[in-house]
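To start, the structure itself, in structure tokens.
The values are calculated or read from the model by the stated rules, or taken from the named source; none is laboratory data. All values derive from a computational prediction rather than experimental measurement. Cβ atoms come from the backbone with ideal geometry, glycine included; neighbour counts cover every protein chain shown.
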Amino acid sequence: MGVGVGALTPLSPGQAAAAADPAAWLDVHGDALYAYALTRVRVPAVAEDMVQETLLAALGSADRFRGESTERTWLIGILKHKVLDHLRRSIREQPLDEQVEEDTGHVAGYFDHTGHWADQPGAWGDPEGALQQEQFWNVLSDCMERLPERLRTLYALRELDGLETEELMRVLNISSRNNLWVMLSRTRLQLRQCLEANWFSP
Amino acid sequence: MNLAIKCSELARLASEGRDRGLNWRERLSVAVHLLFCQPCLRLRRQLDFLGKAAKSAGAGEAPIAGARLDDGARERIRRSLQRRGS
């Protein structure tokens, strides 16, 4: 077997275990794992712990990595479970205050008493171009940071990870679908306004 | 049949349409409102864009804001891996 061919052949489980190299995982994927965790749990020390736990778990289960996904996807998959577990636990200790969200209502500030825009959305031109600019991602990240913690967590799980309503209700211990949707609606309006103010028409 | 909705309701439906299926009446109300309301049409497009941006951020295609392991953290993790590995 030629060397070039060998490099492209998926590793058998035994080979994968033999090839497990957590130091290399840390070098290659450490920042990506850390960024993933930090976006969702916000506390740097917690995010660091999760990266460590993920790599340790990966080390213990390297024989289950069969090369069907990329190494990065495999590691992120492990990390995602750890993040969800962490959020479930911390939400149990400090439940979301649904009533407050409901009372404040999502229209507060954005519309006048007749239901018209208090401040109309402006023209964003061609926003697609922003996706190519690193500075845009910094602005989006800053805007997410400004959200109240519970809304930021909810938004990240919904839009970054694509969790559906039922799963969100379970993880975040929210009992009312309507409240959940109202909270998401408020969050999107706030993010929209923040992006407009800080990127599209500063 | 009254399909007229206010901008505040449009905003709620435009958002909820991303989280649940709207019924035909809601969809029709949205479509009619968007025919005549430029600001709400912008809102809908901007929410679409926001969703797309967030999704690529979630997929790790975009670097979210300089989140990098500093040297101290890297070293701590490296040591714990060595302990376990040996």
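When residue A:128 is tested against (1) within 11 Å of chain B (Cβ to nearest Cβ); (2) surrounded by 19 or more Cβ atoms within 10 Å (Cβ to Cβ); (3) part of a helix (DSSP H, G or I), just one condition goes unmet, and that condition is (2). Among the conditions (1) facing another protein chain (nearest Cβ under 10 Å); (2) out of contact with any His (no Cβ under 9 Å at 6 or more places or on another chain); (3) in a helix (DSSP H, G or I); (4) crowded, with 20+ Cβ neighbours inside 10 Å, the only one that residue A:121 does not satisfy is (3). For residues that are surrounded by fewer than 15 Cβ atoms within 10 Å (Cβ to Cβ) and under 18 Å from the mean Cα position of the chain (by Cα), scanning just the stretch B:1-21, find the one that is nearest to residue A:166 (Cα to Cα). Only one residue fits best here, namely B:20. Taken over the stretch A:182-195, the criterion of being more than 11 Å from residue B:50 (Cα to Cα) and crowded, with 19+ Cβ neighbours inside 10 Å is satisfied by A:182, A:183, A:184, A:185, A:186, A:187, A:190. Pick out the one residue from A:67, A:30 that is modelled with pLDDT under 75 and either in a loop (DSSP other than H, G, I, E, B) or more than 15 Å from the chain's Cα centre (by Cα) (or both). Being modelled with pLDDT under 75 and either in a loop (DSSP other than H, G, I, E, B) or more than 15 Å from the chain's Cα centre (by Cα) (or both) holds for just one of A:67, A:30, which is A:67. Only one entry in B:71, B:48 is modelled with pLDDT under 95 and under 26 Å from residue A:39 (Cα atoms), namely B:71. For residue B:44, only one of the following conditions fails: (1) more than 9 Å from chain A (Cβ to nearest Cβ); (2) more than 21 Å from the chain's Cα centre (by Cα). What is its number? Going through the list (1) more than 9 Å from chain A (Cβ to nearest Cβ); (2) more than 21 Å from the chain's Cα centre (by Cα), residue B:44 breaks only (2). Hey, any hits in the stretch A:167-189 for a residue that's under 15 Å from the mean Cα position of the chain (by Cα), at pLDDT below 90 and farther than 25 Å from residue B:33 by Cα? Scanning the stretch A:167-189, I find at least one residue that is under 15 Å from the mean Cα position of the chain (by Cα), at pLDDT below 90 and farther than 25 Å from residue B:33 by Cα, so the answer is yes. Taking the listed residues B:20, B:27, B:12, the one that is within 8 Å of another protein chain (Cβ to nearest Cβ), without any contact (Cβ under 8 Å) to a residue 24 or more places away in the chain and either in a helix (DSSP H, G or I) or of a type in the set (S, T, N, Q) (or both) is B:12, with no other qualifying. Please determine whether any residue of the stretch A:106-113 is exposed (fewer than 13 other Cβ atoms within 10 Å of the Cβ), within 24 Å of residue B:56 (Cα to Cα) and either in contact with a Pro (Cβ under 6 Å, 6 or more places away or on another chain) or at pLDDT 85 or above (or both). So far as the stretch A:106-113 goes, no, none of its residues is exposed (fewer than 13 other Cβ atoms within 10 Å of the Cβ), within 24 Å of residue B:56 (Cα to Cα) and either in contact with a Pro (Cβ under 6 Å, 6 or more places away or on another chain) or at pLDDT 85 or above (or both).
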